[in-house]
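Nothing in this text is a laboratory measurement; each read-out follows from the coordinates by a stated rule. Everything quoted here is computed from the prediction, not taken from an experiment. Note: ideal-geometry Cβ built from the backbone for every residue, glycine included; neighbour counts use all protein chains shown.
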Amino acid sequence: MPNFKNIQNETRFSAEKMQKVNLFETKNFFCDVYGLEPGQEQKAHSHAGSDKIYCVIEGSATFIVDDKTRQAASGDVVFAPSGSAHGVRNSSDERLVLLVLMSPNPNADK
């Protein structure tokens, strides 16, 4: 696994659904890049025992964390603590690129 990757080179988009590309993964965490076309979303869901961070690299989006809904744009970071319901919708007319980190890695035992 290379230790250096370029987010722009790794980002993928699809008209059908949001695209996730894994950049790095260990038993301790994972780091993905998400590509969302306008109107695409990651429906609200939760993870018991894992925290998630969304970093907005390009574009803007509507985020939900539990009962709070907020807009976030390039340079913003959103934290979804373990057990919280969280999701994101690209409510803009532009593509959305997110860097997403989760720890501990919920896939480590799979």
Of all the strands (runs of 3 or more DSSP E) wholly in the stretch 10-109, which have at least 1 residues that are surrounded by fewer than 18 Cβ atoms within 10 Å (Cβ to Cβ) and hydrophobic (A, V, I, L, M, F, W, C)?
-> 19-25, 41-45, 51-58, 68-73, 77-80, 96-103
State whether one or more residues within the stretch 46-60 are within 10 Å of the chain's Cα centre (by Cα) and of a type in the set (S, T, N, Q).
-> no
Can V33 be described as in contact with a helix residue (DSSP H, G or I) (Cβ under 7 Å, 6 or more places away or on another chain), closer than 14 Å to Q19 by Cβ and in contact (Cβ under 8 Å) with a residue 24 or more places away in the chain?
-> yes
Identify, please: which residue in the stretch 73-104 is of a type in the set (S, T, N, Q) and under 14 Å from the mean Cα position of the chain (by Cα) and is, among those, farthest from S60 (Cα to Cα)?
-> S103
